[in-house]
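Structure, as structure tokens:
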Amino acid sequence: MTKFIAAAKTQAGTNHPVNEDRLLLDGNVLCYGLVGDCEREMGCMAVFDGVSEGGHGAAASTLAAQAFAQATQVFEADSIDVLQDRLRMAGERAENDVESYAARYGLPVAASTVAGLMVAHDGSAAIFNAGDSRVYRLRDGVLAVLSYDHTPESRLGGVGFEYSDESVSHCIELAVGLNQGGRNLEINTTTLFPGDRYLICSDGIDGEIDLARLQQMLASDSTCAQLCEELYAEARMNGSTDDATLIVIEIGE
Amino acid sequence: MSDETITVHRDGGTGNDETVTVRRGDLPVNGETVTVYHGNQASVPGETVTVRRGAAPVSGETVTIRRGDAPSAGETVTVGRLVPRANGETVTVSHPVSATGGETVTVASPMAAPAVGETVTVSRPVTSVAGETVTVPRSAASGGQTITVPRGAVANPDGETVTVSRGDVRAASSVPASPFVPEDVTITSHDGQQFIVHLGQVVGHGGQSTVFAAERVDDGLACVAKVFRPLIEKDRTEYEKTVRAVMSLNGRPVSETHLLPIFAYLHQGLSATEVGAIAPQLWDIAITPKATCLSDRPRSKHMVKSRVIPELSQAINLLHTEFGIVHRDVKPSNVYLYDKQIALGDYGSARSLSGIDNRTTKTETRSNGYTPGHGRMVDPRNDWYSFGYTIWTLYEGNVHPLYERLKDDTFFEFQDAGQPAEFTHPDDATLGNLLQGLTFELANKRFGYEEIKDWIADPDHFYRQLPIFDFKSDHAPYEFVGRLYTDPVSLARGLASHWDEAKQRMQQWQLERQMRKWNENDLETKIHQITEAKAKGGEKPNYDFNLACVIYEMSGGKIISWRGEDVSLGAGKNDLPARIANMANAEIDRYAVKSGLDGTESMGVLPSGFLSYVLSRQGEHDDSVATIAENIKAIEDLAVASDGPHFAACLLKGFLTFDELETHAAAQQEIRRLIGNPRAFFATCSTSRAVDEFFLLFAGDVSMDAIIKARGDAQSRGSIDVDVVLDFMDRVADNKAPVRAFYRKYGNMAGWIWLSEHTALYEALPGSAGESAIVNLRGLSPSAQASVASLMQAGSNIRIEGSKLRADMEVTPVPYVNGWQTRDVLLTRPLTLNALFCAEARGETVPRGYVAELLAGGADEQLLDGIGIRLLAHANLTPSASYSQFLEDERNDADGALEGAIQRDTQDYSMTEGIADTAARIEAVKKEQSRVLRWTCVVAVIYFVAILCARGSFGQFIVMCGTLAPLAVLFLVAAFVGIFGFLALNLLRSFSAVDRVQSLDSDLAANADLLESRLVQLVDFDGRTGATVEKLLMVGVDEDLPMTQGTDFSFGSEGKAFYADPEVMDRLGRLAIRLLLITSAVISASGFMGTVFIDGDVIAKIEVVSAIAVDALICIYVLGDDEHPGSAASILSWSWIWLGPLVIAFLLWGVVSVLQAFGMVGAIIAVVFLIGCFIK
């Protein structure tokens, strides 16, 4: 069974009165704090970024995170297929919960981005996301963006570089709660190898750190917990005022 | 029934029981919408709105009922139909607000029972109740409100759904309940105008707002108030820009601007209490005049063309050009008829082109049918796209041209495909041309205001070439190393040219992402699978291999590149076969080089398995590549498994450059050469390199599997196994007989095969293991035509039986071969020396005859020694150091059991030692015999002459001859008996070798190391008699053993005692010879005494006494411990002692006697010579 070390951090920025990001780790939904290095074998790890008005974003991300937590808690997938099915189920549950919430309060928009990683017994893992929260992987010195941004920039721009047309506004085309025709998650699969480092983060982190710097930092000797702090500090130093949430994972032998 | 009217407007208030009837007599056009407009007045309880139609509806026709006001509690809306429903027809009643409780919606079919087979379903958002009445809960405070849709007299069956469908995808126009506590609120605009907002009269919903009825206080102008949550600062800034722009036009007539005026916008300017809330909140509010929405009912095509197109386009252009504002929400429901002018309204989504903040709009839902795929972009060109579909929808009678796709939520896919919708009205083809150009997906090629103006100027002749949607070039080209790529094939070519950079892109998942952008979904999946695939053995991905596969897939199999080098296996001049043919062998090694994961060395194409991947993919469509694929796969596996790359690379070269005729001829020639020259064959088999070169000759001519397997098997033990090479030769040679004959002489099993063909050299007791082995060996003897493989197999079996035979022989090996029987029963015996297992062939002890035959057949010792075939008894071939190594090997073969190995060797060597040592002893004894005989004769004659001399006269000699002749004869007989006694003793001593071996056996358990040392010494042939060994080597094949039972040196049955206890017998023999000596001495002395007795003189007496004394000394000496009693040397030493009396005699009788003695010498010499000749 694949073992890995994970650390995480989430903290509010100055854009919102409360942290509208949520962190799912070990079945717990967190809205504040740092989780230190800890060895794990299984589980679902994800970040959520609420999208709404008037503080309802926090509720949306919480509901989405809780739905994922409930759907993936005490669940061990033998294969990647089973795992993907479970994630889709989690996505549907989150979708329903967020939609119900939006309907209850008459909100025109209430949704949550999500990005995460879930490990199966066979050493494979599912990378899932919706919206602009991301999953990165550093393997053999190469940084890869494993998630797919559901934004016009990503859709219209070329792969591997940002869309340069200034007329494009940053918006999210897919998120949990947007009711996009029953599709609310992008799921990819990968295989975990010792030494791989994964970064799962909301746009409060990577929105302000360029890829080269991100690669450099992930390739450092810092522990996962140290990286959490360093990446957070880097993002803030670069001017990020959004809520920031990140999980750093290092695959062990 | 009137057939004239299809729409009823109700502008005034209505009382209870008022009925509004719509009748029409014409046949409705398919898709036409019939709208019942219910004014702006609140309905009263019990009010009934009835729609009747005079004609049968066409199947698929849509009947739409819209209401502009909020229904009151208890209000009933009835939809009546005059004709039976067509089978499959659907009537949909949409209810735009969330129903929560108490509301009743009744669906009735007024005219006819459902036709047979007709499906009529009653759907609603809550659990259905059987029967005609459906109660839909709603959140509005007007509990108990009922909306009834009658359907005639026939009761609806259970589960029936009656659906009223609408022409666009917006929520139904039924009036929703107010989200606020109903009250009238007065607000004042910045310019001082006052408005009364009726929060109880909801007239509609915007995207993020609710629209209420309002009126301007000054003139009572009917207005609408759009109430929404307070905008955040950034959004408000944007909205205020638009508001200011539009309000700046308030002084201009609508006929000029065609923009719906905004009377007021107040940030947090309205205090209202949400239903269920305990306190009021502040809301943003915008007030515009009440206007008729064009989407509320169909407009004539003429109106659309003559009014809507020019006026609406003018409004949009005005926003763009004068204010730099993009509306971003142009659609039928935002186009109004106000003041008899077409006016564009609803600016909630508008954005200014200046100072765009890209992050202000956080979310975007799917297209509503009027925005392009990236419609939320602040791009003025997108407004023309929206304009196009808006016009198209209005032209189609408020039915979106892609209504079905919108309903199925597949509009996005349609947009992604980039093709225009079909315009189905040939009468207005120019309009269709315009609309298709306006709704082109890509903004840069889309029609715009210029084309619209052109169409307006000449609608009958307008035509523009429609843009062509080239998805890949128009949509997201891929930038790679300074170039933009627009299709997978050209990108694949670019990737192959910049390998390392391409690997990075692949690792970053960029390539599969780009395939997604290019809508190459299968490629995307394939590339992802390749990119994430584990390497063989579960290691990390082999990025080179993955990229090569990705490039191959992206190029559709056109580009077969490995690290930028074309490795296509085709027949082109630039393909790999043509290039590799001209490469030096050292140069091609790179194709088979393995590299570590650290990337310090570039992996070659062979160990990567890429060629097999390509061939397997090609094999999916072409069966002819199967053989090539198998061979390449075999070479690749070899490259992975080999320590070095050279052989695999050479195989690849050989395979790719194979020429059927030349290769085959060269290979067969080499087989003939090697078989005809054993020295060359074994030289080839002496090094891996040489044997590799041999195997490479067959690349292409023989399957790669066969070559690789033979090569692997041949080298599996660290040295070259000639059997495998010969087996390979046998399989591939055109003429197999020479190969098989060669094997019978030089193969590893040749010695054993020889044994099976020479079983006549052994005899065994019936019932013994040896007999069984001999029988089996005869059965196992391979036929003359047996293949090498058969010979190998047979040899293996023969070896088992041969080992049994040998073991049976070795029960009592040494005494038997030495010619003596033992007390043990002899089970199996060799009949000739060649039957003995005293030769070695490649580490195995085999019958001597096999090697002897090779030597007799012309093989020289140097060749045999070089290939591990030798006679163990050969001094020159078995030095001590070799034997030490031999022991070591044996020890290894015996799994480290030193004792077992040594015991085995002891048996082997005891046999050869016995043979050699015994033969040597026999030779020695023969020589000893001769020497003893000669010296005994000499001593006897001297003794006799001495007596004569002592007597001092020739006459006395004559007397003595007459008197002592019998004694002399007796003496001679005794002497000869003694000689044979000496011989017996010497034979006994020949057992010493046996003794040593036996002692070694007994020492095994005690001290193995010491024993090993002694064994080494034992086989140190330097101390041996070379002649013995030479004789062994000279013995012919058919020569009998020299020491078999029954020879002159056999002691018959008595000999058993000697072997049983040779030491005792040695002592007995020593005693016997001493007795013989004493006897002879006594007899001699008696002779002296006799002569003394005859003569009786004093001198003679003295002489006798002296002689007796000397004899006594001799006896004493002989009785002493003589290590070699009876030997010639011993006798010789005695002879000097015997000279003592002779010297005394000379001293006593003086010179005269000496002279007399000399006179006798000649006669004595003659006698001795004669005797010696006789003996010899």
| Which numbered condition residue A:246 fails, given (1) part of a loop (DSSP other than H, G, I, E, B); (2) modelled with pLDDT of 85 or more; (3) touching an Asp or Glu at 6+ places or on another chain (Cβ under 9 Å) | (1)
| query | So residue B:827 clears everything in (1) buried (at least 24 other Cβ atoms within 10 Å of the Cβ); (2) modelled with pLDDT under 75 except one condition, right? Which one? | reply | (1)
| task | Kindly indicate whether any position in the stretch A:43-66 is in contact with a helix residue (DSSP H, G or I) (Cβ under 9 Å, 6 or more places away or on another chain), closer than 13 Å to residue A:116 by Cα and free of Cβ contacts under 8 Å to residues at least 60 places away in the same chain. | result | yes
| remark: Filter the stretch B:218-265 for residues that are within 18 Å of residue B:185 (Cβ to Cβ) and surrounded by fewer than 19 Cβ atoms within 10 Å (Cβ to Cβ); the one that is nearest to the other protein chains (Cβ to nearest Cβ) is B:229
| task | Give the residue that is modelled with the lowest pLDDT, with candidates limited to residues of the stretch A:95-113 that are touching a Gly at 6+ places or on another chain (Cβ under 7 Å) and either at the interface with chain B (Cβ under 9 Å from one of its Cβ atoms) or part of a strand (DSSP E or B) (or both). | result | A:108
| said: Given the options A:94, A:111, A:103, name the one that is without any contact (Cβ under 8 Å) to a residue 40 or more places away in the chain and more than 23 Å from residue A:224 (Cβ to Cβ). | reply: A:103
| request: Give the number of residues within the stretch B:621-645 that are of a type outside the set (Val, Ile, Thr), more than 20 Å from residue B:571 (Cα to Cα) and surrounded by fewer than 19 Cβ atoms within 10 Å (Cβ to Cβ). | output: 4
| field | Meets criteria (in a helix (DSSP H, G or I) and either touching a Phe, Trp or Tyr at 6+ places or on another chain (Cβ under 7 Å) or buried (at least 22 other Cβ atoms within 10 Å of the Cβ) (or both)) for residue B:319 | value | yes
| message | Please verify whether residue A:160 is within 7 Å of chain B (Cβ to nearest Cβ) and either at pLDDT 80 or above or in a loop (DSSP other than H, G, I, E, B) (or both), treating the condition exactly as stated. | response | yes
| remark: If we keep only residues of the stretch A:174-214 that are in a loop (DSSP other than H, G, I, E, B) and under 16 Å from residue A:238 (Cα atoms), then the residue nearest to the other protein chains (Cβ to nearest Cβ) is A:207
| message | Given the condition surrounded by 20 or more Cβ atoms within 10 Å (Cβ to Cβ), within 14 Å of another protein chain (Cβ to nearest Cβ) and either part of a helix (DSSP H, G or I) or touching a residue at least 12 places away in the same chain (Cβ under 8 Å) (or both), answer yes or no: does some residue in the stretch B:270-280 qualify? | response | yes
| remark: Filtering the stretch B:329-351 for residues that are farther than 20 Å from residue B:285 by Cα and within 14 Å of chain A (Cβ to nearest Cβ) leaves a count of 0
| task | Count, please, the residues in the stretch B:521-531 that happen to be buried (at least 20 other Cβ atoms within 10 Å of the Cβ) and more than 11 Å from chain A (Cβ to nearest Cβ). | result | 3
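Yes/no matrix, rows are residues, columns are (1) modelled with pLDDT under 90; (2) at positive phi; (3) among the charged types (D, E, K, R):
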{"residue": "B:643", "(1), (2), (3)": "yes, no, yes"}
{"residue": "B:660", "(1), (2), (3)": "yes, no, yes"}
{"residue": "B:670", "(1), (2), (3)": "no, no, yes"}
{"residue": "B:680", "(1), (2), (3)": "no, no, no"}
{"residue": "B:703", "(1), (2), (3)": "yes, no, no"}
{"residue": "B:717", "(1), (2), (3)": "yes, no, yes"}
| message | Looking only at residues that are in a helix (DSSP H, G or I), in contact (Cβ under 8 Å) with a residue 40 or more places away in the chain and not aromatic (Phe, Trp, Tyr) in the stretch A:68-84, which one is farthest from the other protein chains (Cβ to nearest Cβ)? | response | A:69
| Considering the stretch B:532-583 alone, what residues qualify as being surrounded by fewer than 20 Cβ atoms within 10 Å (Cβ to Cβ), assigned to a helix (DSSP H, G or I) and not hydrophobic (A, V, I, L, M, F, W, C)? | B:532, B:536, B:537, B:538, B:577, B:579
| request: Report, by residue number, each residue of the stretch B:703-739 that is over 23 Å from residue B:785 (Cα atoms) and crowded, with 19+ Cβ neighbours inside 10 Å. | output: B:704, B:707, B:708, B:711, B:714, B:720
| Only listed residue being at pLDDT 90 or above, within 13 Å of chain A (Cβ to nearest Cβ), at negative phi and over 28 Å from the mean Cα position of the chain (by Cα), chosen from B:484, B:491, B:511 | B:491
| request: Filter the stretch A:126-137 for residues that are over 17 Å from residue A:23 (Cα atoms) and facing another protein chain (nearest Cβ under 10 Å) and give the result. | output: A:137
| task | Give the residue, chosen from A:138, A:87, that is touching a residue at least 24 places away in the same chain (Cβ under 8 Å), out of contact with any Phe, Trp or Tyr (no Cβ under 6 Å at 6 or more places or on another chain) and either aliphatic (A, V, I, L, M) or buried (at least 24 other Cβ atoms within 10 Å of the Cβ) (or both). | result | A:138
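The values are calculated or read from the model by the stated rules, or taken from the named source; none is laboratory data. It should be emphasised that the depicted structure is a prediction, and the values quoted were computed from it without experimental measurement. We place every Cβ from the backbone using ideal geometry, glycine too, and count neighbours over all the protein chains shown.
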